[in-house]
1. Working only within region A:494-512, note down all residues that are touching a residue at least 24 places away in the same chain (Cβ under 8 Å), assigned to a helix (DSSP H, G or I) and hydrophobic (A, V, I, L, M, F, W, C).
2. Which condition does residue B:65 not pass, out of (1) under 30 Å from residue B:196 (Cα atoms); (2) surrounded by 13 or more Cβ atoms within 10 Å (Cβ to Cβ); (3) more than 14 Å from chain A (Cβ to nearest Cβ), if it passes all the others?
3. For region A:275-285, give me each residue that is surrounded by fewer than 18 Cβ atoms within 10 Å (Cβ to Cβ) and not polar (S, T, N, Q).
4. Report every pair of residues separated by at least 6 positions or lying on different chains whose Cβ atoms are under 6 Å apart, first residue within region B:75-97 and closer than 28 Å to residue B:173 by Cβ and more than 8 Å from every other protein chain (Cβ to nearest Cβ), second hydroxyl-bearing (Ser, Thr, Tyr) and assigned to a helix (DSSP H, G or I).
5. I'm checking my understanding of the structure. Among residues of region A:247-263 that are more than 7 Å from chain B (Cβ to nearest Cβ) and of a type in the set (Gly, Ala, Ser), which one is surrounded by the fewest Cβ atoms within 10 Å (Cβ to Cβ)?
6. Test each condition in (1) assigned to a loop (DSSP other than H, G, I, E, B); (2) in contact with a Leu (Cβ under 8 Å, 6 or more places away or on another chain); (3) at the interface with chain A (Cβ under 10 Å from one of its Cβ atoms) for residue B:42 and report the one that comes out false.
7. Taking region A:297-317 as the search range and keeping residues that are assigned to a helix (DSSP H, G or I) and either of a type in the set (D, E, K, R) or in contact with a strand residue (DSSP E or B) (Cβ under 9 Å, 6 or more places away or on another chain) (or both), which one is farthest from residue A:270 (Cα to Cα)?
8. Would you pick out the residues in region B:147-170 that are part of a loop (DSSP other than H, G, I, E, B), exposed (fewer than 11 other Cβ atoms within 10 Å of the Cβ) and more than 10 Å from chain A (Cβ to nearest Cβ)?
Amino acid sequence: MKKLLTSTVAVSALALMLGMTSVRAEDAVDPNAKPGGAITITYKDDVATLDPAIGYDWQNWSMIKSLFDGLMDYEPGTTNLRPDLAESYEIAPDGKTFTFKLRQGVKFHNGREMTADDVKYSLDRVTNPKTQSPGAGFFGSIKGHDDVAAGKAESLAGVTVVDPYTIKFELTRPDATFLHVMAINFSHVVPKEEVEKYGADFGKHPVGTGAFKFAEWTLGQRVVFERNPDYWHKGLPYLDKVSFEIGQEPIVALLRLQKGEIDIPGDGIPPAKFQEVMADPEQKARVVEGGQLHTGYITMNTTMAPFDNVKVRQAVNMAINKDRIVQLINNRAVPANQPLPPSMPGYDKEFKGYPYDVAKAKALLAEAGHPDGFDTQLFAMNTDPNPRIAQAIQQDLAAVGIKASIQSLAQANVIAAGGDKAGAPMIWSGGMAWIADFPDPSNFYGPILGCAGAVPGGWNWSWYCNKDLDAKAAEADSIVDPAKSAERAKMWSAIYGKIMEDAPWVPVFNEQRFTMKSARMGGADNLYVDPVHIPINYDNVYVTDVQ
Amino acid sequence: MIAYLGRRVIQSLLILLGVSLITFALLYLLPADPVRQIAGRSATPETVENIRRQLGLDQPFIIQYWHYLTSLLSGDLGRSYIQRSEVTELIVSRLPASLLLMVGAILCELAIGLTMGLLAAVRRGTATDQTLMVASFVGVSAPQFVVGLLLLYVFAVRLGWFPIGGYGTWRHLVLPSLTMGILGAGWYARMMRSSMIDVLRQDYMRTARAKGLARGAIIFRHALPNAILPVIAMIGIDIGIFMGGIVVVESVFGWPGIGQLAWQAIQRVDIPIIMGVTLVSAFAIVLGNLLADTVAPFIDPRIKLR
């Protein structure tokens, strides 16, 4: 957590002693920004839904963030937490009670003032099984969650409205990630009357408190947002209008960008055109590169022979030539040696990982009783570049004697095979790899490396379950005190270090993001590769050609 | 006639029922679990089972199919798993675009195909004939995404005559219609050519020539109307080829029709949408065939309905 919370840590430490965590001034408005103007963003796929309780793909993620707000958010372009709809918060010394003071005078797009009742309603709604929210599980630490999840209660017992501007959360255990949970889309605040009015179609008629309000949705063609003139953060957003044009192939979007018809191709630069774009200085100047909270990895099923032998897994770790795989995808990634991506708190800069060493890999295989290698299967998703990467892995494995046949399947089928204990010996995670829900090291553990994920239909495709590490993880997550965040990050580093000794994964690379924008787009580069408002922070960007 | 029609309608309904059963079964057998997709990565097993129960996906296959069929009869195609919208709404909102593209494509293929076929038949055996037939062969065989991208590159990017994909004005319609039309035009050119050659061989053609009628009059007044009718009757059958083509062409041109909807749904395994689009397409194809067969005897008296 070293990077995270840097701005609030000192204040928080002091405030904790006083029993109150009070926070920051609002971010300054960019002095270079001129208000006004409209931008056009293209996407290939339909926007699935704009309901914050349901939307869970990288396309609608930041759209929802612009329409709705949560109690917490991040400083634009960073992973630094800060209050949003909350004005301040207070964490009890036992780490199990969080009290938020709400900002007054915040209005929903329908004109009604947002109060603590709305916050409570929104959380009751997202955890209610009838809502079928993919994010319900994030709220597991709130008291009463299990009763609501089981359909035994309609309301979370641990959420109390103290007064219209104060809300209190009681947790069943100290939860260091709770402030992040209050910043993810699933906790964003919705007005009850609008949800009841539209029912299951609320996602097509979103009403929130965000910087933009929803203006138009022509199915399959266009979604339009307009500036919210009553937005509580004065001066924001800069843009009057953001239009999303749907159904545009990335290659067509790039051509339109080159002709100046659009501002941002939402699906990025098509791989086939990447080198051409980067070779042209004029175009390259408009490309913004940034890290993302992503790791691409190969899983080895630790319950299936011969991957139940740690030496075999370590040998595979040494057999993979990660630099070559990175080259295969035009250097749109950096080689990885541990599960956490570099921009994640808890990432261990000193950690060296397994070297690429064919001779040593062979020796380890011989020690494990497989001097001549063995036959196995490697599952991979069937869209480019994943089959090519799988082939590169196949060749690397062949060099140490492991003959892997490739099963190139549709995404859903690979996910299904991974969630079946006897389904897949090895999986290349490309196209399905983990991208953090929030910038906290714990988010890379539970579902994909912890025992909780090693269940049928789970995402722990290595079926790696180390009870000892589960206990250490729980211990780390109980350190709620922001002043001890560095200590907590160290504990997480140690957990991932131990995981790498057991080697259930081969971490292969961390993808970099490349966003291309039109020449008239303004605002700091990190807004275009925002780690949380993926892919773009619409609230804070602007255009330079308004009068 | 009535008996024939009644029989054909019943057959068509049986075909549709078969299509629905096969598609439903195939999607049921997919090793992907839609509930997992809805529930997301962080869901507990209880949440997953809860959603499964709510969607009725814990029921046996036959019960699920029966539920689908009964709601289908009341016009309900279910709700999309990913978009959470009514499938009927999604399809209805996209149908006009696909129908417009269909009209554009049919106009293009008729204009190009019939002209090519006519020319080839009249100049039968010459270099013109051979060139046109090779061209029609290329048109039939060229993958539509290649033709689409090529047209897009030349006429939209290089020459700037048409917009680069999208929807809205007649200018947006030209390139996708042409892409669809080039494939159909190949077929029509071949059919028109053989139909025209057939007609030109008829006795009444010889009579017309013997009477000393001008060549133009023979071809356009006497041969063409007779040759063209059986070809036009093929439009109904063409709908099948069309339905296959829109998936590719709509995606290349960002055309907001049901083909694009289907392609997106297939990529995301959004089963209710795949089912819905398949049924709507099957309905269109069955209807097209039915129309083609019903219209045929009126156009060509040699055909009798039995």
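1. Hits for region A:494-512 are A:495, A:499, A:500.
2. For residue B:65, the exception is condition (1).
3. Matches in region A:275-285: A:276, A:278, A:279, A:280, A:281, A:282, A:284, A:285.
4. The qualifying pairs are B:77/B:88.
5. The selected residue is A:260.
6. (2)
7. As a first pass, look at region A:297-317 and keep what is assigned to a helix (DSSP H, G or I): A:310-317.
Filter once more, so that each one left must be either of a type in the set (D, E, K, R) or in contact with a strand residue (DSSP E or B) (Cβ under 9 Å, 6 or more places away or on another chain) (or both): A:311-313, A:316-317.
On the way: A:311: 39, A:312: 37, A:313: 34, A:316: 31, A:317: 30 Å.
Only one residue fits best here, namely A:311.
8. Result: B:159, B:169.
The values are calculated or read from the model by the stated rules, or taken from the named source; none is laboratory data. All of these numbers come straight from a predicted model, not from anything done at the bench. We place every Cβ from the backbone using ideal geometry, glycine too, and count neighbours over all the protein chains shown.
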